[in-house]
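**Student:** Pasting a structure below so you can have a look.
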Amino acid sequence: MKYNLNKEIEELFFERFKDFNPIQKIAIPEILNGNNTLIIAPTGSGKTEAAILPVFSKILELKEKGIENQLLGIYITPLRALNRDILDRIKWWCDNLGISVAIRHGDTEEKERVRLSRKPVEFLITTPETFQVLFLGKRLREQLKTVKYVIIDELHELLNEKRGIQLSLGLERLVNYAGEFQRIALSATIGDLDEASKFIFGYRNYKVAYWYAEKKYHIEVYYPKISEEDLELARKYNWNPKIAWSLRKIKEILDKHRSVIIFVNTREMAELLSSRFKVWLPEYKIEIHHSSLSREVRERNERLFKEGKIKAIIATSSLELGIDIGYVDAVIQYNSPRQVTRLIQRIGRAGHKLHEVSIGYIITTDVDDYAESLAIKKFVLE
């Protein structure tokens with residue numbers, strides 16, 4: 001690769017992969033050349049490596065010049081669970097390259113927070129909210145003065161949201177401490193690239209690294225067909241027949257697959273669906289995941305799912321993004337996902353690699369929901 005990527009990084013890369021893929025070949029040179037870069041490519045296409053490897057290459061250059069034990073890079077992701085996954089993914093690189101790395105977010109224990117404030121790491125993984133907190137402490141503010149690179153993951157999650165606006169302002173505040181730094185943003189689902197770029201880069205020059213192969217999806221949309229079995233189940237537990245049908249349909253799908261994520265739109269629905277399964281099939285291996293659960297419960301359920309000890313996990317958007325929770329061979333969306341990009345993200349959790357087919361099922365409960373889901377399916381496939 002003729003992009004002046006650090007030789008040690010290249011050697012490590014070829015230990016794990018056969019070759020750089022198209023998006024990496026487009027994005028890495030832009031970042032090495034110092035350009036602010038928006039990376040757009042499908043889920044499972046190696047965007048993370050496309051962003052971090054040139055940044056690590058630049059950090060190693062600085063370390064060779066004697067600049068070390070300073071905060072040089074920040075990686076911002078919208079979810080705490082995604083932070084943990086990114087740490088697992090990045091730590092292998094950092095350990096082998098001698099770059100210190102840590103994670104700081106709402107789940108970080110007080111002892112670790114104190115340690116990080118006293119001794120900076122060279123690469124910090126955090127959330128948009130905790131990024132704002134870094135401006136509050138005297139020691140943390142001092143650490144921000146040396147930042148050279150900021151990577152924003154899953155950019156589409158932050159566009160047109162209050163937390164995204166706060167992050168955008170936070171990045172401008174960082175300029176006051178660190179001067180201009182290189183900005184890199186990643187996403188799989190952005191429609192208007194110019195608007196997204198202005199949001200994160202402002203008036204600065206930038207490059208777009210864009211690559212989209214044809215990703216295959218298989219999506220089925222179901223509308224209630226109430227059977228006598230559903231009516232019996234409804235009578236037994238005093239449920240609406242449509243609820244009984246939904247649960248039975250979900251179980252029917254689960255029985256056809258090895259590992260499934262069931263996405264719902266609210267935490268309340270996640271709890272409701274989970275409790276109904278526990279009442280109906282108490283021995284069935286199904287758990288729950290959303291941001292209001294304790295860190296211990298979330299991490300335990302992620303681990304059980306990854307290890308194949310549970311069949312399915314009911315989740316809100318807390319598992320929507322690029323979290324490595326093991327192999328997923330199908331996704332169920334309970335009720336319309338409301339957005340085309342949301343369905344792409346969620347179904348993209350199944351068959352996560354580019355050459356695999358992402359299989360998804362939408363369970364609807366009324367005519368409006370069914371019509372909307374059919375329209376969303378049509379747009380996804382187009």
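**Student:** Considering only residues that are touching a residue at least 60 places away in the same chain (Cβ under 8 Å) and β-branched (Val, Ile, Thr), look in region 249-272 and name the one that is surrounded by the fewest Cβ atoms within 10 Å (Cβ to Cβ).
**Tutor:** If we take residues in region 249-272 being touching a residue at least 60 places away in the same chain (Cβ under 8 Å) and β-branched (Val, Ile, Thr), then Ile253 is surrounded by the fewest Cβ atoms within 10 Å (Cβ to Cβ).
**Student:** Where residues in region 249-300 are of a type in the set (Asp, Glu) and out of contact with any helix residue (DSSP H, G or I) (no Cβ under 6 Å at 6 or more places or on another chain), which of them is farthest from Ile226 (Cα to Cα)? Working first, answer last.
**Tutor:** The first filter runs over region 249-300 and keeps only residues of a type in the set (Asp, Glu), leaving 252, 255, 268, 271, 283, 287, 296, 299.
Narrowing further to those that are out of contact with any helix residue (DSSP H, G or I) (no Cβ under 6 Å at 6 or more places or on another chain): 252, 255, 268, 271, 283, 296, 299.
Numbers: Glu252: 14, Asp255: 20, Glu268: 25, Glu271: 24, Glu283: 25, Glu296: 39, Glu299: 37 Å.
Within region 249-300, the match that is farthest from Ile226 (Cα to Cα) is Glu296.
**Student:** Take region 22-48 and flag every residue that is surrounded by fewer than 19 Cβ atoms within 10 Å (Cβ to Cβ) and in contact with a His (Cβ under 7 Å, 6 or more places away or on another chain).
**Tutor:** Result: Gly44, single match.
**Student:** How many of the residues in region 359-382 are under 11 Å from Tyr217 (Cα atoms) and within 23 Å of the chain's Cα centre (by Cα)?
**Tutor:** Summing the residues that are under 11 Å from Tyr217 (Cα atoms) and within 23 Å of the chain's Cα centre (by Cα) in region 359-382 gives 6.
**Student:** Now for a different question. Could you list all residues from region 172-199 that are modelled with pLDDT of 90 or more and part of a helix (DSSP H, G or I)? Spell out how you get there, then give the answer.
**Tutor:** From region 172-199, those modelled with pLDDT of 90 or more are 172-186; that's our starting set.
The answer is Glu172, Arg173, Leu174, Val175, Asn176, Tyr177, Ala178.
**Student:** Of all the helices (runs of 4 or more DSSP H) wholly in region 86-151, which have at least 1 residues that are crowded, with 17+ Cβ neighbours inside 10 Å, of a type in the set (A, V, I, L, M) and at pLDDT below 90?
**Tutor:** Numbers: elements: 110-118, 128-133, 138-144.
Per the criteria, 110-118, 138-144.
**Student:** May I pose another question? Looking at Ser317, Ser275, Ser246, Ser294, which one is assigned by TED's automatic domain parsing to the domain that holds Ile363, over 22 Å from Glu157 (Cα atoms), surrounded by 15 or more Cβ atoms within 10 Å (Cβ to Cβ) and of a type in the set (Ser, Thr, Tyr)? Don't jump to the end; show me each part of the working.
**Tutor:** Working: Ser317 fails: over 22 Å from Glu157 (Cα atoms); Ser275 fails: surrounded by 15 or more Cβ atoms within 10 Å (Cβ to Cβ); Ser294 fails: surrounded by 15 or more Cβ atoms within 10 Å (Cβ to Cβ).
It is Ser246.
The values are calculated or read from the model by the stated rules, or taken from the named source; none is laboratory data. What you see is a predicted model, and the numbers here were worked out from it, not measured in a lab. Positions of Cβ are backbone-derived with ideal geometry, glycine not excepted, and every protein chain shown enters the neighbour counts.
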